[in-house]
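Down below is the structure, laid out as structure tokens.
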């Protein structure tokens with residue numbers, strides 16, 4: 001395993017240097033930004049992705065092809081990553097799909113099931129894989145990337161909102177299960193973020209979502225990554241079961 005990079009002087013207070021992390025959905029977008037930020041802070045990152053075709057592999061100590069909705073694949077990948085990194089301090093559940101943008105009445109059952117499988121079941125499977133390890137070590141940070149859609153809902157993306165609302169509930173329940181284990185479980189809830197996923201969304205849909213953000217712009221991947229880095233750090237020690245909004249003022253609760 002390569003030696004992690006030392007943290008920048010301004011970031012030394014995070015206390016992340018020498019740590020290890022799994023980031024799912026790490027090959028692009030928010031996941032790649034999170035991996036880069038953690039690596040800058042001295043964390044050795046295992047990047048999991050269904051298509052780990054990362055041209056810039058600099059943020060990663062290793063990369064693995066993992067379907068987070070596949071129970072066996074997740075269990076196998078975690079065992080391999082734990083052996084490769086020696087331990088896992090941080091899990092960032094970022095992998096997700098938006099699903100088709102259309103009314104719920106037009107969704108097919110396979111489309112619904114696919115969104116729920118990746119966005120909610122994938123979080124469950126990864127959490128379940130790391131919990132015994134983190135509990136045994138008496139330390140861990142689990143960060144689930146949800147969405148403002150899980151709080152407020154978005155017309156045209158009801159399955160996505162339902163899955164992300166499920167992630168919020170899972171986060172809060174699991175946090176209370178692990179309060180005695182030295183493991184915190186929190187989630188980050190971004191508003192619509194500037195990633196390649198926008199290429200597959202209807203233009204009117206994007207304009208509508210932007211209009212709901214009081215700051216009048218979309219979130220950036222770096223803003224999400226900075227929030228995740230703080231929540232993943234030892235300095236975030238007395239907060240669990242919480243939602244950290246990155247919504248430009250959209251979140252109302």
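The values are calculated or read from the model by the stated rules, or taken from the named source; none is laboratory data. Computed from a predicted structure; not experimentally measured. We place every Cβ from the backbone using ideal geometry, glycine too, and count neighbours over all the protein chains shown.
Going through 61, 95 one at a time, which residue ends up being at pLDDT 95 or above, surrounded by 18 or more Cβ atoms within 10 Å (Cβ to Cβ) and assigned to a loop (DSSP other than H, G, I, E, B)?
Result: 95 is the single residue among 61, 95 that is at pLDDT 95 or above, surrounded by 18 or more Cβ atoms within 10 Å (Cβ to Cβ) and assigned to a loop (DSSP other than H, G, I, E, B).
Go through the stretch 30-51 residue by residue and tally those that are out of contact with any helix residue (DSSP H, G or I) (no Cβ under 7 Å at 6 or more places or on another chain) and either in a loop (DSSP other than H, G, I, E, B) or without any contact (Cβ under 8 Å) to a residue 12 or more places away in the chain (or both).
Number of matching residues: 4.
Name the residue that is surrounded by the most Cβ atoms within 10 Å (Cβ to Cβ), counting only residues in the stretch 167-181 that are out of contact with any helix residue (DSSP H, G or I) (no Cβ under 8 Å at 6 or more places or on another chain) and not in a helix (DSSP H, G or I).
179
Quick check on my filter: what residues within the stretch 98-107 are under 20 Å from residue 167 (Cα atoms), at pLDDT 95 or above and part of a loop (DSSP other than H, G, I, E, B)?
Listed by number, the list is empty, since nothing qualifies.
Specify the residue that is modelled with the highest pLDDT; the eligible residues are those in the stretch 195-229 that are assigned to a helix (DSSP H, G or I) and in contact with a strand residue (DSSP E or B) (Cβ under 8 Å, 6 or more places away or on another chain).
228
For the stretch 132-166, which positions are in contact with a strand residue (DSSP E or B) (Cβ under 6 Å, 6 or more places away or on another chain), closer than 23 Å to residue 194 by Cβ and either surrounded by fewer than 18 Cβ atoms within 10 Å (Cβ to Cβ) or touching a residue at least 60 places away in the same chain (Cβ under 8 Å) (or both)?
143, 145, 146, 148
Which pairs have Cβ atoms under 6 Å, sit 6 or more apart or on different chains, and link a residue in the stretch 87-107 that is farther than 16 Å from residue 153 by Cα to one that is part of a loop (DSSP other than H, G, I, E, B)?
89/19; 90/232; 94/25; 95/25; 95/68
Applying the selection to the stretch 108-126, what residues are under 25 Å from residue 238 (Cα atoms), without any contact (Cβ under 8 Å) to a residue 60 or more places away in the chain and either in contact with a strand residue (DSSP E or B) (Cβ under 6 Å, 6 or more places away or on another chain) or not in a helix (DSSP H, G or I) (or both)?
123
How many residues does the stretch 230-253 contain that are surrounded by fewer than 12 Cβ atoms within 10 Å (Cβ to Cβ) and under 23 Å from residue 219 (Cα atoms)?
2
Report yes if residue 83 is without any contact (Cβ under 8 Å) to a residue 24 or more places away in the chain and either in a loop (DSSP other than H, G, I, E, B) or closer than 20 Å to residue 21 by Cα (or both), otherwise no.
yes
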